[in-house]
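A short reminder: the numbers here are calculations on the coordinates, not readings from a lab. Since this is a predicted model, take the numbers as computed values, not measurements. No Cβ is skipped: glycine too gets one built from the backbone with ideal geometry, and neighbour counts run over all protein chains shown.
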Amino acid sequence: VDPRAERIAVNEAIFRDVNEKVADFPRGPLDSRGPIDFVCECGDGKCHERVRTSRAVYEEVRSDPLWFMVVPSHVAEDVERVVQQHDAYWVLEKIGETKPIVIESDPRS
Ligand SMILES: [Zn+2]
């Protein structure tokens, strides 16, 4: 596996884990109908940007182990492709040889 592609996949898996904790946070304001500040799930380990969206959107992205929710344009086009474009976020799908990394690290699989 190409080291750069692997690093991107591992970073995305880590950000996904962070967001799972955000989404699981019991009670409090996160249970309201309002938007939630998720972290960008792109492959840049230094990215600290946020994606503000609803739990319903997050759950839809999370339904596929290959999908990640990122700030628009935060895409590495050689290892993932854009499957949805919205004003607040894009949805990426992993392609290529690092797919097993994100599938096996999916906390919901
Ligand atoms: Zn990002």
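Numbers for the structure displayed
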| item | result |
| --- | --- |
| Among Val70, Val83, Ala23 the positive-end extreme of the charge dipole of the chain (Cβ point charges) | Ala23 |
| Cα gyration tensor shape for the chain, rounded if a/c is under 1.5, else prolate or oblate | prolate |
| Amide hydrogen neighbours beyond the local backbone of Gln84, cut-off 5 Å, H modeled | Val91 |
| Neighbour-count order for Asp24, Asp2, fewest beta carbons within 10 angstrom listed first | Asp24, Asp2 |
| Mean residue ellipticity (222 nm) of the chain, computed from DSSP H runs ≥ 4 via -39,500 (n - 2.57), nearest 500 | -10500 deg cm²/dmol |
| Simple spin-label estimate for Asp17 and Arg4 in nanometres, 7 Å along Cα-Cβ | 2.5 nm |
| Additional length obtainable on full extension of the chain from Ser54 to His86, 0.36 nm per residue less Cα span | 10.2 nm |
| Residue-wise HN-Hα coupling along the range 41-58, computed from phi with Karplus coefficients 6.51, -1.76, 1.60 (Hz; x: Gly, Pro) | 9, 6, x, 8, x, 8, 5, 10, 7, 10, 10, 9, 7, 8, 4, 4, 4, 4 |
| Dipole magnitude of the chain, debye to nearest 20 (Cβ charges: Lys/Arg +1, Asp/Glu -1, about Cα centre) | 380 debye |
